[in-house]
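One structure is given below, encoded as structure tokens.
The values are calculated or read from the model by the stated rules, or taken from the named source; none is laboratory data. Owing to the predicted nature of the structure, the values given are computational and were not obtained by experimental measurement. Every residue, glycine as well, gets a Cβ built from its backbone with ideal geometry; the counts of neighbours run over all protein chains shown. Side chains are part of the model used for accessible areas, which takes the heavy atoms of the whole protein and leaves out ligands, DNA and RNA. Shrake-Rupley method; radii C 1.70, N 1.55, O 1.52, S 1.80 Å.
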Amino acid sequence: MATPTVLMVAEKPSIALSIASVLSRGQMYTRRGSTEVHEFGGMFLGFHAQFKVTSVIGHIFSVDFPVKYQDWTATDPLDLFQAPVIKNESNPKAHICRHLNQEARGCGHLVLWLDCDREGENICFEVIESSGFSVNEARKRVYRARFSSVTEKDILKAMDNLVEPNRYEALAVDARQEIDLKVGVAFTRFQTSYFQGKYGNLDSRVISYGPCQTPTLGFCVQRYFQINTFKPEKFWTLHPYIMEKGYELQLEWGRNKLFDKDVTVMFEKRVSEDGILEVTEISEKQESKSRPSGLNTVNLLKVASSALGFGPQMAMQLAERLYTQGFISYPRTESTAYPSSFDFRGTLSAVANNPTWGNYVQGLLENGYHKPRSGTDVGDHPPITPMLSATEDMLGRDPWKLYQYVCQHFIGTVSPDCKYLRKKVEFSMGGETFYCTGQHVTVKGFTSIMPWLAVNEKNLPRFAKGEKIEVSKMELYEGSTSPPDYLTESDLISHMEKNGIGTDASIPVHINNISERNYVQVQAGRKLVPTTLGITLIRGYQLIDPDLFLPDIRSFIEQQITLIAKGQVDHFRVVQHVLQQFMQKYSYFVKKIENMDALFEAQFSSLTDSGRSLSKCGKCLRYMKYISSQPPRLYCGTCEEVYYLPQKGTIKLYKELTCPLDNFELLLFSIPGPEGRSYPLCPYCYSNPPFEGIETLIRADKMGGSGKLGKGAGMPCFLCPHPTCPHSLVAQGVCACPECSGTLVLDPVSAPKWRLHCNMCNCLVFLPEGAHRISTTQERCPECDSTIIEVDFNKKTTPLEDGATLHIGCILCDELLHSLVEMKHGRVNMRRMGSRGRGRGARRGSFRVRGRGNGKKVDPKMSFRDF
DNA sequence: GCAAGGTC
């Protein structure tokens with residue numbers, strides 16, 4: 001019998017490598033693929049077997065709505081709650097599905113080594129589906145390895161105790177995905193359309209809603225409310241002073257502070273009449289400040305924001321880079337407890353020769369380090385620790401700051417606690433108690449490596465019980481309570497963690513989202529100050545349905561799907577139940593939106609009052625307003641219609657020309673810069689493409705295109721297949737793009753640096769410079785079917801004989817034109833296009849005609865689209 | 001143009 005092959009799949013490449021290294025004892029053969037595959041021989045369930053260990057890269061699929069529901073204008077968001085959902089490959093370019101399918105061929109067994117949490121369980125079933133292992137046979141051939149850490153001991157133990165994947169847990173994740181998608185998208189689309197259709201200065205491309213991002217914003221705005229409604233209160237306290245050995249010592253009052261001045265004055269009078277303090281009690285207590293437990297992601301993010309000045313997104317990027325370069329361990333972990341097998345000595349040795357803290361670490365190694373405090377072990381990854389020694393020169397300033405903290409924190413966890421003596425002296429005067437405290441550090445412990453956490457030394461003079469001391473000064477202090485400050489990122493992370501909003505990996509994303517959507521701004525000290533938009537949204541929810549922004553909305557979803565995970569309630573019933581509730585909330589929200597709108601009206605300016613008149617509407621022939629703030633759009637006040645425009649460029653009127661299809665005035669969109677481009681568009685056609693099937697084409701452009709059009713790309717004239725319009729692709733297209741399946745289109749306003757640009761990729765082609773005019777004609781080249789162009793050269797620089805200026809020809813077949821043409825692709829290389837005499841075959845880098853037929857002449861412009 | 005969750 002042939003040796004059976006066992007396919008093993010981990011959640012990420014690094015885990016696949018660790019598992020393979022342990023099981024093969026380092027004797028494996030590694031080959032590349034979509035993700036690496038490690039192969040070796042060994043024993044499996046008592047038989048000789050060939051192993052292949054590979055990985056996915058997180059989730060293989062993500063949920064979305066079918067194409068039919070993608071069109072915002074054609075779908076009522078309410079229908080989304082009952083719409084079907086489909087799973088698409090999250091990262092189609094990575095080809096993980098195909099990779100697993102190929103690797104699974106000929107394998108008799110599948111072992112799932114995904115992370116041991118709900119998401120991991122869900123990915124198990126994604127892997128089963130992708131690899132083609134029949135679900136019916138799952139009992140026989142599919143195994144789940146449950147490991148609590150990626151160590152030799154745990155990996156071997158998991159191999160000896162293979163179980164089945166847990167479908168209930170996986171279904172709970174499916175439920176969460178569907179609920180989050182439907183709720184988030186429905187509310188987002190409704191809010192966005194409603195408010196963007198009315199106001200011109202909201203300054204956010206999309207008015208998003210989500211069960212995590214909205215409560216996140218809610219925390220920031222609630223703090224804003226607290227600050228705003230805060231009423232300062234005056235308070236009074238008594239501070240007697242005594243002179244001891246030449247310096248003044250301030251005593252505290254046993255009553256701390258009072259909010260009544262008359263009462264305080266009464267006490268002041270009483271103690272002042274006495275004027276003599278008697279020492280009544282001297283106590284001393286040993287106090288201890290504990291060393292930190294292991295560093296997890298959330299705590300790293302908090303310190304990074306509050307002490308190092310890095311936002312969560314930035315901190316994660318730095319940490320990831322340090323991880324891939326091998327300087328620190330895996331930076332995404334919830335655990336604060338080290339696994340029992342953790343090699344403290346090895347890790348300490350790794351950072352022992354560092355000039356900054358080397359001596360201290362040497363001391364720990366020689367005199368013995370401390371056992372770290374027990375934290376929580378979530379079973380994902382060990383706490384974040386240094387792996388290699390590094391210097392600032394090696395890493396650069398910012399990565400070094402983060403690395404340094406990781407080192408200090410790790411060393412801190414195996415250092416002694418900080419010990420200090422706390423001394424309290426109590427006095428009595430006029431029947432009132434006063435006191436002073438001092439502290440003296442006896443063991444610095446971990447604070448010598450984390451000095452910002454050090455306990456302050458505070459010396460007290462010697463006192464004797466019963467001693468009587470004269471008061472040198474009596475102060476009646478008047479203070480005032482002060483409002484809290486705005487939430488810092490670090491505070492916000494704590495709130496999110498406490499309320500179960502987001503995960504260690506997604507917390508930075510949510511914070512980034514509310515800032516990108518212009519709901520909050522990060523100000524000095526990494527404080528999150530809500531914007532008018534953010535405040536107005538939360539106040540609106542408060543009026544209509546506070547559940548929508550309170551953190552309970554997340555815990556409700558979590559608690560519902562936990563019923564699925566435990567196998568207590570059927571997946572379908574839970575999803576239906578939860579969606580039913582959100583649907584009701586949605587309907588109510590829509591019904592009451594005017595309450596929220598009243599707030600918007602007070603804060604923002606209506607479309608009618610925004611923007612400047614730019615171009616004429618094709619329906620009413622009146623001028624429409626151009627609103628340049630995000631998202632750029634045109635608003636026709638008469639028709640009360642909004643027409644969205646492309647982003648990240650400038651818009652102006654295009655020679656007062658109109659679209660022959662709908663009479664709207666054409667606009668010219670330009671991206672500035674040397675590699676910029678400009679193209680005409682009709683504001684109506686742009687959002688309402690007049691030809692059937694154009695949607696697929698625009699999507700193709702989105703996927704493979706330059707991206708410069710922005711995600712919401714519509715149909716500019718260069719994609720329009722209109723047969724007679726002088727601005728369409730048919731009229732302005734010249735020939736097939738040499739780099740992709742697009743068409744090179746004449747940029748009509750690029751004079752004097754005339755150019756063609758591809759309507760699908762970054763390819764740019766420079767035409768003869770300095771020409772007075774270059775235009776397309778209706779003629780086609782008989783040889784290659786490209787559009788014949790007409791060039792009117794400058795009199796002084798014309799390359800034509802006898803000073804002639806007019807030249808007509810094909811840029812591919814006309815020797816003169818072809819020699820004057822230069823190609824530039826994206827930002828990279830500039831090169832002379834296919835030189836003369838080399839022929840025009842399908843050689844890369846030269847123009848070619850892409851044909852479907854066998855040498856049959858095909859219109860290059862029509863060849864890439866199959867209308 | 002939408003969510004939140006993996007991971008790169």
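When region A:158-167 is limited to residues that are open to solvent by 40 Å² or more (accessible area, probe 1.4 Å) and under 25 Å from A:Asp504 (Cα atoms), the one that is nearest to DNA strand B (Cβ to nearest atom) turns out to be A:Asn166. Where strands (runs of 3 or more DSSP E) sit wholly within region A:1-93, those with at least 3 residues that are crowded, with 18+ Cβ neighbours inside 10 Å and modelled with pLDDT of 95 or more occupy A:5-10, A:37-44, A:47-55.
For A:Cys813, the conditions (1) surrounded by fewer than 19 Cβ atoms within 10 Å (Cβ to Cβ); (2) at pLDDT below 80 are fulfilled apart from (2). Of the listed requirements (1) part of a helix (DSSP H, G or I); (2) more than 23 Å from A:Gly445 (Cα to Cα), A:Ser349 misses just one: (2).
Counting the residues of region A:323-359 that are touching a residue at least 12 places away in the same chain (Cβ under 8 Å), surrounded by fewer than 16 Cβ atoms within 10 Å (Cβ to Cβ) and among the hydroxyl-bearing types (Ser, Thr, Tyr) gives 3.
Yes/no per residue for (1) among the polar types (S, T, N, Q); (2) in the same structural domain as A:Leu181 (by TED's automatic domain parsing); (3) in contact (Cβ under 8 Å) with a residue 40 or more places away in the chain:
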residue	(1), (2), (3)
A:His577	no, yes, no
A:Val590	no, yes, yes
A:Leu599	no, yes, yes
A:Ser610	yes, no, yes
A:Ile627	no, no, yes
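As a summary of the residue check, A:Ser515 satisfies the conditions (1) touching a residue at least 24 places away in the same chain (Cβ under 8 Å); (2) open to solvent by 40 Å² or more (accessible area, probe 1.4 Å); (3) over 25 Å from A:Phe235 (Cβ atoms); (4) not in a loop (DSSP other than H, G, I, E, B) except for the one numbered (1). Can you pull out the residues in region A:427-444 that are open to solvent by less than 50 Å² (accessible area, probe 1.4 Å) and either farther than 15 Å from A:Phe463 by Cβ or not aromatic (Phe, Trp, Tyr) (or both)? Across region A:427-444, the qualifying residues are A:Ser428, A:Met429, A:Gly430, A:Glu432, A:Cys436, A:Thr437, A:Gly438, A:Gln439, A:Val441. Every test in (1) open to solvent by 20 Å² or more (accessible area, probe 1.4 Å); (2) more than 24 Å from A:Arg118 (Cβ to Cβ) is passed by A:Gln559 save one, and that test is (2). The residues on offer are A:Glu489, A:Glu457, A:Glu478, and the sole one that is open to solvent by 50 Å² or more (accessible area, probe 1.4 Å), within 52 Å of the chain's Cα centre (by Cα) and closer than 30 Å to A:Gly445 by Cβ is A:Glu457.
Would you be able to say whether some residue in region A:95-108 is touching a Lys or Arg at 6+ places or on another chain (Cβ under 9 Å) and either within 15 Å of DNA strand B (Cβ to nearest atom) or outside any helix (DSSP H, G or I) (or both)? Yes, because at least one residue in region A:95-108 is touching a Lys or Arg at 6+ places or on another chain (Cβ under 9 Å) and either within 15 Å of DNA strand B (Cβ to nearest atom) or outside any helix (DSSP H, G or I) (or both). Is it the case, given these coordinates, that A:Gly218 is outside the structural domain of A:Lys648 (by TED's automatic domain parsing) and modelled with pLDDT under 95? Taking the combined requirement at face value, the residue does not satisfy it.
I'm trying to understand the selection: among the residues of region A:40-72, which are more than 16 Å from DNA strand B (Cβ to nearest atom) and in contact with a helix residue (DSSP H, G or I) (Cβ under 7 Å, 6 or more places away or on another chain)? Lay out the reasoning, then the answer.
First, the residues of region A:40-72 that are more than 16 Å from DNA strand B (Cβ to nearest atom): A:40-52.
Within region A:40-72, A:Phe40, A:Gly42, A:Phe51, A:Lys52 qualify.
The set of residues in region A:200-215 being open to solvent by less than 20 Å² (accessible area, probe 1.4 Å) and at pLDDT below 95 consists of A:Gly200, A:Leu202, A:Ser204. Would you confirm, using the coordinates I've provided, whether A:Thr216 is more than 16 Å from A:Leu492 (Cα to Cα) and near DNA strand B (Cβ under 10 Å from one of its atoms)? In short, no.
Give me a count of the residues in region A:416-426 that are open to solvent by less than 30 Å² (accessible area, probe 1.4 Å) and farther than 24 Å from A:Asp274 by Cβ. Working first, answer last.
Within region A:416-426, the first condition is being open to solvent by less than 30 Å² (accessible area, probe 1.4 Å), and the residues that meet it are A:418, A:425.
From the residues that got through so far, the ones that are farther than 24 Å from A:Asp274 by Cβ too are A:418.
Of the residues in that region, 1 qualify.
Once region A:98-115 is narrowed to residues that are more than 19 Å from A:Lys157 (Cβ to Cβ) and of a type in the set (D, E, K, R), the residue that is surrounded by the fewest Cβ atoms within 10 Å (Cβ to Cβ) is A:Arg105.
With A:Ala175, A:Ala186, A:Ala170 as the choices, which residue is small (Gly, Ala, Ser), buried (at least 20 other Cβ atoms within 10 Å of the Cβ) and within 10 Å of DNA strand B (Cβ to nearest atom)? Matching residue, one of A:Ala175, A:Ala186, A:Ala170: A:Ala186. Annotation note: Cβ proximity below 9 Å between a residue of region A:436-464 that is closer than 13 Å to A:Val425 by Cα and a residue that is open to solvent by 50 Å² or more (accessible area, probe 1.4 Å) and of a type in the set (Phe, Trp, Tyr) (sequence gap 6+ or interchain) occurs for A:Pro461/A:Tyr247.
Being farther than 27 Å from A:Gly120 by Cα, in contact with a Lys or Arg (Cβ under 8 Å, 6 or more places away or on another chain) and surrounded by 14 or more Cβ atoms within 10 Å (Cβ to Cβ) narrows it down to one of A:His370, A:His381, so name that one. Break it down into steps so the answer makes sense when it comes.
Values: A:His381 fails: farther than 27 Å from A:Gly120 by Cα.
One residue alone meets the criteria, A:His370.
Do we have A:Arg612 as charged (D, E, K, R), within 28 Å of A:Ser678 (Cα to Cα) and exposed (fewer than 14 other Cβ atoms within 10 Å of the Cβ) here? First the steps, then the outcome.
Numbers: charged (D, E, K, R): yes; within 28 Å of A:Ser678 (Cα to Cα): yes; exposed (fewer than 14 other Cβ atoms within 10 Å of the Cβ): yes.
So A:Arg612 fits the description; yes.
If you check A:Gly673, A:Gly712, which single one turns out to be within 16 Å of DNA strand B (Cβ to nearest atom), part of a loop (DSSP other than H, G, I, E, B) and at pLDDT below 75?
Values: A:Gly673 fails: within 16 Å of DNA strand B (Cβ to nearest atom).
Just a single option satisfies the conditions, and that option is A:Gly712.
When A:Thr192 is tested against (1) part of a helix (DSSP H, G or I); (2) away from DNA strand B (no atom under 13 Å from the Cβ), exactly one condition is not met: (2).
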